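Trainee: Submitted below is the structure of interest, expressed as structure tokens.
Throughout, read-outs are computed from the coordinates displayed, never taken from laboratory work. Please read all numbers here as calculations on a predicted model, not as lab measurements. Here Cβ is always computed from backbone atoms with ideal geometry, including for glycine, and neighbour counts include all displayed protein chains.
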Amino acid sequence: MCPEVLKVNCPNCGREVVRARPSEAPFFPFCCERCKLIDLGKWLDEQHRIEEPLEPGAGASGGA
Ligand SMILES: [Zn+2]
């Protein structure tokens, strides 16, 4: 019986990540917690940009 070994490259730094068991790689498919957080930050940053409201002249009134 051979164990289920997964071999991937870290999406953040490209380092080879070998996972023998899910419990051995808590940050899979990332190589470490740092890479996972960095990649997460990228996604959050992109979402933030998309959700950014673009309404020029909002609340600009007065005159007459
Ligand atoms: Zn990495």
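Trainee: Please go through segment 1-27 and pick out each residue that is among the charged types (D, E, K, R), in a loop (DSSP other than H, G, I, E, B) and within 13 Å of the ligand (Cβ to nearest atom).
Mentor: Arg15
Trainee: Right, here's the next one. If I filter segment 28-49 for residues that are polar (S, T, N, Q), assigned to a helix (DSSP H, G or I) and more than 22 Å from Glu4 (Cβ to Cβ), do I get at least one hit?
Mentor: yes
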